[in-house]
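Throughout, read-outs are computed from the coordinates displayed, never taken from laboratory work. Quick caveat, the model's predicted, so the values are computed rather than measured. Quick reminder, even Gly has a Cβ in these numbers, built from the backbone with ideal geometry, and neighbours come from all protein chains shown.
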Amino acid sequence: MSYDSAKAAFADLGVDTEAALNRLADIPISMHCWQGDDVVGFEQKTGSSGGGIQATGNHPGRARTPDELRADLEFSYSMIPGKHRLNLHACYLDTDQNPDRDEIEFSHFAPWVDWAKDQGLGLDFNPTFFAHAKADDNLTLSHPDQGIRDFWIEHGKRSRDIAAQMGAALGTPCVNNIWVPDGYKDTPVDRMAPRQRLENSLDAMMATPQDKAQVLDAVESKLFGIGVEACTVGSHEFYMGYAIRKGTLLCLDMGHFHPTENVADKLSSVALSVDEILLHVSRPMRWDSDHVILLDDAILQMAQELVSADLLGRTHIGLDFFDATISRTAAWVIGTRNMQKALLRALLAPWGGLKSAENNLDYTSRLVVTEEIKDLPYATVWAEFCDRMGVASGQALVSDLHRYQASVAGRG
């Protein structure tokens with residue numbers, strides 16, 4: 001089918017494909033750096049791999065240096081239509097120095113900022129509260145030892161300052177997302193004390209006001225992780241309340257809830273209480289297993305909620321998966337494009353008519369239309385989008401992904 005024919009098919013339902021394509025081109029996806037090297041990072045100091053962070057597999061081609069990671073990212077972005085962002089963890093510093101986490105500075109990340117400028121990308125940031133000797137107890141900001149808490153508070157302060165400088169240098173707010181692995185493997189007798197310590201530590205980290213034109217603070221919950229099966233200090237309820245009281249963004253990670261929960265359903269409820277939302281889009285096959293996202297019901301529902309509830313302007317979309325059983329660059333490309341495909345489908349829905357039917361309690365018409373539109377030629381509109389953006393689609397994409405993977409497969 002030609003694009004003109006597809007355009008006419010959508011127009012019959014009152015949908016403007018040109019408006020949808022223009023809107024999609026303006027939606028940045030924050031692609032996560034840690035897919036490219038299995039969450040290893042580039043610190044010279046080494047620590048544990050605790051906190052429930054684990055990449056599975058040993059596919060050839062893992063990036064070993066910042067330059068290799070940036071080369072992989074450049075290729076991946078070239079396969080993804082539109083202009084996007086990079087989500088950088090604090091353990092991905094690029095420096096010959098050897099700072100500990102409580103000593104990091106903006107200069108340690110300056111090469112990333114220079115590269116982002118050259119690539120026309122925005123940057124987001126995350127303090128790294130895992131894979132460190134002072135996180136081996138799976139307690140950081142909530143640790144009963146004041147000295148350990150102070151270490152991590154200082155790390156958080158420095159990360160926040162670095163994020164603000166990134167935002168200022170690039171002219172776009174840097175989302176600084178705070179997630180800690182804190183919790184208990186077995187049932188604690190006192191849940192209040194660690195949560196009070198966590199709240200006090202977060203308050204200390206964010207005591208200095210920052211310009212929201214430069215940095216946006218976000219807090220991220222989790223249901224459980226490896227080693228914290230019995231209790232996660234930073235639960236959804238904890239951070240929901242914190243975000244409302246303190247005015248931060250609330251991060252909803254699709255892998256951080258019970259597998260039967262519909263995370264898309266949370267968006268409209270959360271949006272009534274917080275100004276902005278951060279999404280970490282993932283695919284939890286069992287728990288927080290962080291598989292590469294598919295164009296499945298969970299992703300489609302998430303995109304539909306963002307568009308239907310008019311939340312795109314208040315939501316920062318980031319990805320969070322790490323799969324080392326397949327080509328890491330292909331994982332970035334597939335996952336990001338699937339998020340864009342889901343958004344395109346949502347933008348191509350006749351929301352006016354559907355909402356009118358629902359408000360009139362005409363559930364029959366609602367069901368008929370939502371089922372009929374599944375047969376519309378979305379693939380043709382997506383191919384048009386890729387063509388306009390100068391990126392491959394279909395079999396040409398497969399060839400390009402295989403060609404690049406072959407070029408990096410020899411990395412030791």
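Determine the calculated [θ] at 222 nm for the chain from helices alone, applying -39500 (n - 2.57) to every DSSP H run no shorter than 4 residues and normalising by the residue count; nearest 500 deg cm²/dmol.
-13000 deg cm²/dmol
Can you give me the relative contact order of the chain as a percent, contacts being Cα pairs under 8 Å and 6 or more apart?
Relative CO of the chain lands at 21 percent.
Using just the alpha carbons, could you tell me how many Å³ per residue the convex hull of segment 95-181 encloses?
Expressed per residue, the convex hull around the Cα atoms of segment 95-181 is 90 Å³.
Need one number: % antiparallel among DSSP beta bridges in segment 27-348, to the nearest 5.
10 percent
How high is the relative contact order of segment 267-412, in percent, with contacts defined as C-alpha pairs under 8 Å that are six or more residues apart?
22 percent
Post the alpha-carbon centroid distance, segment 1-42 to segment 336-391, in whole angstrom.
Result: 12 Å between the Cα centres.
State the three equivalent ellipsoid semi-axes of segment 247-300, derived from the C-alpha gyration tensor as the square roots of 5 times its eigenvalues, in descending order and whole Å.
Equivalent ellipsoid of segment 247-300: 21, 11, 10 Å, largest first.
Which trypsin sites (Lys or Arg not before Pro) in segment 224-296 pass both tests, a DSSP loop state and at most 10 other beta-carbon atoms within 10 Å?
Hits after loop and neighbour filter: R286.
If we restrict to alpha carbons, what Rg and Dmax does segment 111-251 come to, in Å?
15.6, 53
Quick one: of K117/K212; K157/K222; K83/K117; K222/K266; K341/K374, which pairs are farther than 18 Å apart, Cα to Cα?
Table pairs above 18 Å Cα-Cα are K117/K212; K157/K222.
When the chain is modelled as a GNM with alpha-carbon springs shorter than 10 Å, which of A110, A71, A349 fluctuates the most?
Judging by the Gaussian network model, the answer is A71.
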